[in-house]
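Enquirer: Just dropping this structure here.
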Amino acid sequence: MSTPQNLYRQKLTSAAEAMRLVCDGDSIIVPTGVAEAPSLLTALSTQRHHFRDVKVSQILAVGKYGYLDPETAANVRHVALFFGAATRAGGQAGWVDFIPNNFSEVPTQIERGQIPAQVVFSMASPMDEKGYFAIGLGADYTMAAIAKARVVVLEVNPNVPFAYGDCHVHISQVTALVESSEPVREVGLPTIGPVQTAIAQYVADFIDDGSTLQIGYGGIPDAVVMQLTHKHDLGIHTEMIGDGILSLVECGAVTNRRKNYLPGKMIATFALGSEKLYRFMHRNPMLEIHPANFTNDPMLAGMNDNLVAINATLQIDLLGQCGSESLGYAPFSGTGGQSDFVRAANRSRGGKAFIVLPSTAKNDTISRIVPILAPGTHVSTSKNDINYVVTEYGVAQLRGKSVAQRARELISIAHPAFRSELTEKAQRMNVL
Ligand code: COA
């Protein structure tokens, strides 16, 4: 009889054997960050010389696997949907590919075949008695890929939480299973200095009790979280759940009680944090993990009244165009959900979208507020969407403002050493 337990036994194999399911030319979809499947990616790395033209597509690869190797990129090549430390150098050197995207749209692109998905390698929780696994560390685009792929291989690990939400895969959808038991990779909070704290204090002053938060990626969004411990009845509708959000739950600042959309529930699409966070996610009715076409859809996320989105950028020009993900043409990260949540907060009644950045880089030698973005810069948030911009010198509010007003607002929050130069350049460009 094909009970879930019988099917489990039939589909159980080794990581090395599972590689036989991959064909030359396949694209393998791997979920975001720590939801990647270490045993499967290690086996792929070991056997990479036997393959031709296999691609591995992922947001934020965290492990430095052997296949991330320029010498064997014709065998197995990484395709970044968002660069991180493991892939950035390859992206800048050209042996890691890049597909620009809004996170909210990746599932649909997979569904429509624009991003190919013949194979899925994902971490998963142990199976429940009804035959379901949870892929709650990263439902992101992986649920869409599972529905589309020829081959689905799950790496079942007892340290992966069984999360609730739309992140469950039935044994009948799975081609093969491998088991592992290593702890899920932990990612610590970034170091937060006085500049980040100053920016965070400005943002925190704008956040009213009862607001719903999206917390983006990088040091400053996490610094903001630390300034919110005295707030009341905050809610969470975000892309990434991390230890910062967990600390707000623990101190009682997050209750989700005043959310008007999905009240009582925290919503996210992937997790990145500590073992404590992963334990918190296990069978916790307070949290739901959903695919990114749900969490990040600007229309759905914008149904939360008083949605506050906090996201970081690397540089911004005097019109308010944000180069959040590259330094000139050199890629650094990706759009992720930045543009999605800026738009969501703009739609939300009482919503506020914050873009945060230190005023300078490289020991105050470079202004991050610039007259024009460096050639090749990838624009993540457009001039039409930008609203609040925050540095350690204050807050610029740009939505509804003219080009000259924007330039004045942004120059007023630039580092004082660069303000006259920025003003002169703006005058030469006939902006002021
Ligand atoms: N010129 C030269 N170097 C610059 C620079 C500039 N204009 N701006 C930043 N840098 C350097 C910094 O000095 C720093 O270098 P260091 O690591 O040697 O100190 C590095 O670039 C990173 O800058 P930092 O401000 O510390 O970035 P961060 O770690 O806080 O991360 C990003 C910010 C890149 C993650 C963020 O901008 C991003 O990816 N945004 C898009 C994605 C997003 O917002 N998603 C939201 C949903 S999760």
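Enquirer: Go through G216, G264, G235 for me and flag whichever is out of contact with any strand residue (DSSP E or B) (no Cβ under 6 Å at 6 or more places or on another chain) and outside the structural domain of V34 (by TED's automatic domain parsing).
Expert: One residue alone meets the criteria, G264.
Enquirer: Considering S333, S324, which residue is within 8 Å of the ligand (Cβ to nearest atom), in the same structural domain as F418 (by TED's automatic domain parsing) and farther than 25 Å from A404 by Cα?
Expert: Among S333, S324, only S333 is within 8 Å of the ligand (Cβ to nearest atom), in the same structural domain as F418 (by TED's automatic domain parsing) and farther than 25 Å from A404 by Cα.
Enquirer: Another question about this same structure. Mind checking which residues of the range 287-311 are buried (at least 24 other Cβ atoms within 10 Å of the Cβ) and within 14 Å of the ligand (Cβ to nearest atom)?
Expert: Answer for the range 287-311, where residues must be buried (at least 24 other Cβ atoms within 10 Å of the Cβ) and within 14 Å of the ligand (Cβ to nearest atom): A292, T295, N296, A301, L307, V308, A309, I310, N311.
Enquirer: Continuing with this model, one more query. Taking the range 228-260 only, how many residues are farther than 22 Å from L357 by Cα, of a type in the set (S, T, Y) and touching a Phe, Trp or Tyr at 6+ places or on another chain (Cβ under 9 Å)?
Expert: Number of matching residues: 0.
Enquirer: Separate question: Which members of the range 125-148 meet the condition of being surrounded by fewer than 24 Cβ atoms within 10 Å (Cβ to Cβ) and in contact with a strand residue (DSSP E or B) (Cβ under 9 Å, 6 or more places away or on another chain)?
Expert: P126, M127, D128, K130, G131, Y132, I146, K148
Enquirer: Out of all the residues in the range 204-227, which are surrounded by fewer than 23 Cβ atoms within 10 Å (Cβ to Cβ) and touching a Phe, Trp or Tyr at 6+ places or on another chain (Cβ under 8 Å)?
Expert: Scanning the range 204-227 gives a single hit, F206.
Enquirer: May I pose another question? If the Cβ limit is 9 Å and pairs must be 6+ apart or interchain, which residue in the range 348-369 that is farther than 19 Å from I411 by Cα pairs with which residue that is open to solvent by 10 Å² or more (accessible area, probe 1.4 Å) and of a type in the set (S, T, Y)?
Expert: Final answer for the pair search is K352/Y388; A353/Y388.
Enquirer: Looking at the range 342-425, what strands (runs of 3 or more DSSP E) fall wholly within it and have at least 1 residues that are more than 21 Å from the chain's Cα centre (by Cα), surrounded by fewer than 16 Cβ atoms within 10 Å (Cβ to Cβ) and assigned by TED's automatic domain parsing to the domain that holds G216?
Expert: Where strands (runs of 3 or more DSSP E) fall fully within the range 342-425 and carry at least 1 residues being more than 21 Å from the chain's Cα centre (by Cα), surrounded by fewer than 16 Cβ atoms within 10 Å (Cβ to Cβ) and assigned by TED's automatic domain parsing to the domain that holds G216, they are 394-397.
Enquirer: Moving to a separate point now. Among the residues of the range 245-270, what is the count of those that are out of contact with any Ser or Thr (no Cβ under 9 Å at 6 or more places or on another chain) and within 16 Å of the ligand (Cβ to nearest atom)?
Expert: The number of residues fulfilling the criteria is 0.
The values are calculated or read from the model by the stated rules, or taken from the named source; none is laboratory data. For clarity, every value in this text was computed on a predicted model and none was experimentally measured. Cβ: placed from backbone, ideal geometry, glycine included. Neighbour counts: every protein chain shown. Accessible surface areas use protein heavy atoms only, side chains included; no ligands, DNA or RNA. Shrake-Rupley method; radii C 1.70, N 1.55, O 1.52, S 1.80 Å.
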